[in-house]
Amino acid sequence: MIAVRYHDSTKHHFNRFARSLGYLDWATQPDPFRRYQGAPLRALPHDPLARGVPYAALFSAAVPAQPVTTHAIGEFLRCSMGLSAWKQYGQSRWALRVNPSSGNLHPTEAWIVHDGRVWHYAPREHALEERCVLAGTPGGVVESGDCFLVALTSIAWREAWKYGERAFRYCQHDAGHALGALRLAAAMLGWRLRVLPEWPDAQIAALLGLDREADFDGAEQEEPECLALVGPDANGDGRDARTWIRNPQVLVDAARSGSWSGRANRLSADHVLWPVIDEVIAATRYSGIGGRGLGIRDQGSGIGEAAPPQAISRTRVVDPGSRPDDLDARGIILQRRSALAFNPRGALQRDAFLAMLNRLRPGAPPWDAIDWPPQVHLVLFVHRVQDVTPGVYAYLRDAPVRDEWKAAMRAEFLWEPVSSDPRTTSAPDLYLLLPIEAGRIAKRLSCDQDIAEDGFFGLAMIARVDEPLRARGEWFYRRLFWECGLIGQVLYLEAEAAGARATGIGCYYDDPVHDLLGLSGHAWQSLYHFSMGLPVEDTRLTSEPGYAWEGGRE
Ligand SMILES: Cc1cc2nc3c(=O)[nH]c(=O)nc-3n(C[C@H](O)[C@H](O)[C@H](O)COP(=O)(O)O)c2cc1C
């Protein structure tokens, strides 16, 4: 399988990193902002719309629905794919975004189909570029009103510029993070969002005009990732009966004979070719439910400066007990950042830790955005969680996996269940495998990065690879990373809500992780690492809001 060959060839080893240029060629640094020159630009309203939504409500789908208006779509994009800050150090100035990205390179672009038009989101301007007026009835074939479509695409070159051949993996992580950001922004507006399995990649490309070669003359291609339906009733059967969802051809025909404007800007003056990326992109394209691609729907805190507990002296404890119930969802979403370093004196309360893990169970948002049962489970390196023995743990998002993991992993692992409340119930999905001070191990495995050691905990996302790729097709390789990105996005927000901070870790040594766990073959592979802790700010950087109209210096 090409995807598995790609995966193996882009592993980091202790003695050899995956192939890349090995240095940063500043002369070809990609422009972080794609624009379609010549396309009419429609500014989106600046006023916040979703004030006062409690953070916890994001995960319960309990927010009253906002009507689907341009203003609300603007808020949806602002709180998922918009800019979160401008940072400056010396002469360098760069934007951060609500969605995270490996190396802050942002390969993911967002598109909206609404009001009979195809729009590309321009995050720097917070505006929509009108790429196409769809042919059809006045107002277009996609009715305005109660729902719209959002699509994600990737520009692999942005990541490949820095990371070479491993870049395709990062594009897919980033797409997963973006999907999570979209789903939770939709929840904030009382909307649902679900990826539509009816849409093959080629038809998404046609709808978005990505296959209009003349519009990309010399510019980097965008690769379709997914198309999702968004709105108050996006999961309802009534709306799903619309022909343009069930039968993408209707909308594709309207796009093919629509009226197009704009040409993609060129992001870099020159490019380095990485043929394995082109190969894996082609091999993992989704050809739709007509093939083997039928998706199966799954059944399925404020910070406290608590008095240091005796067990951890001079420690700052992140205490969910002092976390207000009415934490503002919008504020948490917009303040998300990656920690650059952690204070090793930070500690997390046990209940907060278990509650965070609970958010990763399927069922609630963002998990209703995807239509497959969990394929990714966690191996945690717990360093500083109060009343939790430091060590290596397994967190299973699907209980039956336990027997498989037990059989696949080292025989000496304990598999000791961790109780969510020491006095009463147990949390059968969290197991202590090995009591050990795992900080050094986690750091070594994560390309020797301190953030893997200095936080409360680090983790490896272990995905089932062989079986789903064989059963469904190579296209599912991308989805495994999306699932990892969704997990990461939830944990990023959970960290902020707890008064802590998190960081995604794409740089890790693949097979040494498998060796530690006793895993062999491709049944299970580590696809992403992550860490959480008490952040140490880099005071050398100055920070301004993402948009001038949102206030002065932070
Ligand atoms: C897939 C992925 C992999 C990442 N890998 C690392 C990493 O190995 N080390 C690190 O320090 N940060 C890593 N990050 C964090 C990014 O550098 C960070 O998201 C980016 O600089 C943007 O900053 P922000 O998250 O504060 O918006 C990763 C982020 C993502 C999404």
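Split the accessible area of segment 437-554 by element, probe 1.4 Å, and carbon with sulfur accounts for 46%.
Given a 1.4 Å probe and every protein chain left where it sits, what share in percent of the accessible area of segment 81-139 is carbon and sulfur? Walk me through the numbers on the way to the answer.
Numbers: 890 of 1790 Å².
Answer for segment 81-139: carbon and sulfur cover 50 percent of the accessible area.
Each residue of segment 164-175 is assigned a 3J(HN,Hα), and the resulting list reads x, 5, 6, 4, 4, 4, 5, 4, 6, 4, 4, 4 Hz, derived from the Karplus form 6.51 cos²θ - 1.76 cosθ + 1.60 (θ = phi - 60°), x at Gly and Pro. Listed by chain and number, the aspartates and glutamates whose alpha-carbon sits under 12 Å from that of residue 162, ignoring those within fewer than 8 places in the same chain, are 25.
Bridgeable aspartates and glutamates around residue 406 (alpha carbons under 19 Å apart, same-chain partners fewer than 8 residues away excluded): 398, 416, 429, 466, 467, 511, 515.
So, with +1 on the Cβ of K and R and -1 on the Cβ of D and E, and no other charges, what is the size of the charge dipole of the chain about its Cα centre, to the nearest 20 debye?
Numbers: 59 positive and 68 negative charges, 89 e Å.
The dipole of the chain has a size of about 420 debye.
Computed about its Cα centre, the charge dipole of segment 77-228 is approximately 840 debye, with only Lys, Arg, Asp and Glu carrying charge at their Cβ.
A cysteine counts as unpartnered when no other cysteine's C-beta lies under 4.7 Å of its own; in the chain this applies to 79, 132, 147, 171, 226, 484. Each of 534, 401, 251 was placed along the dipole of the chain (beta-carbon charges, centred on the mean Cα), and the one lying farthest toward the positive end is 534. Packing, taken as the mean count of other beta carbons within 10 Å per residue, orders the peptides 440-452, 355-367, 163-175 from highest to lowest as 163-175, 440-452, 355-367. The label-point distance for residue 233 and residue 65, in a model that sets each label 7 Å from Cα toward Cβ, rounds to 0.6 nm.
Would you mind working out the accessible area per residue for the chain, using a 1.4 Å probe, and quoting it in Å²?
Accessible area per residue: 38 Å².
Here the accessible area of segment 327-386 is 47 percent carbon and sulfur, with a 1.4 angstrom probe and all protein chains present.
Remark on segment 454-554: ratio of C-alpha radius of gyration to 2.2 N^0.38 Å is 1.40. Database remark: amide H of residue 96 closer than 5 angstrom to the amide H of 84, 85, 86, 87 (H placed geometrically; neighbours at sequence offset of 5 or more, or on other chains; Pro and chain starts carry no H). Projecting the Cα atoms of 193, 127, 173 onto the charge dipole of segment 55-201 (Cβ charges, centred on the Cα centre) puts 173 farthest toward the positive pole.
In the chain, the C-alpha radius of gyration followed by the widest Cα-Cα span (Dmax) gives 22.6, 71 angstrom.
Quick one: work out Rg over Rh on the C-alpha atoms of segment 37-171, Rh as Kirkwood radius. Spell out each step's value before the answer.
Numbers: Rg = 16.9 Å, Rh = 16.8 Å.
Value, to two decimals: 1.01.
Dipole magnitude for segment 147-267: computed about the Cα centre from +1 point charges on Lys and Arg Cβ and -1 point charges on Asp and Glu Cβ, it is near 320 debye.
The values are calculated or read from the model by the stated rules, or taken from the named source; none is laboratory data. Keep in mind that what you see is a predicted model, and the values were worked out from it rather than measured. Note that each Cβ is placed from the backbone with ideal geometry, even for glycine, and that neighbours are counted across all protein chains shown. Heads up: the accessible areas ignore ligands, DNA and RNA and are worked out on the full protein's heavy atoms, side chains in. Shrake-Rupley method; radii C 1.70, N 1.55, O 1.52, S 1.80 Å.
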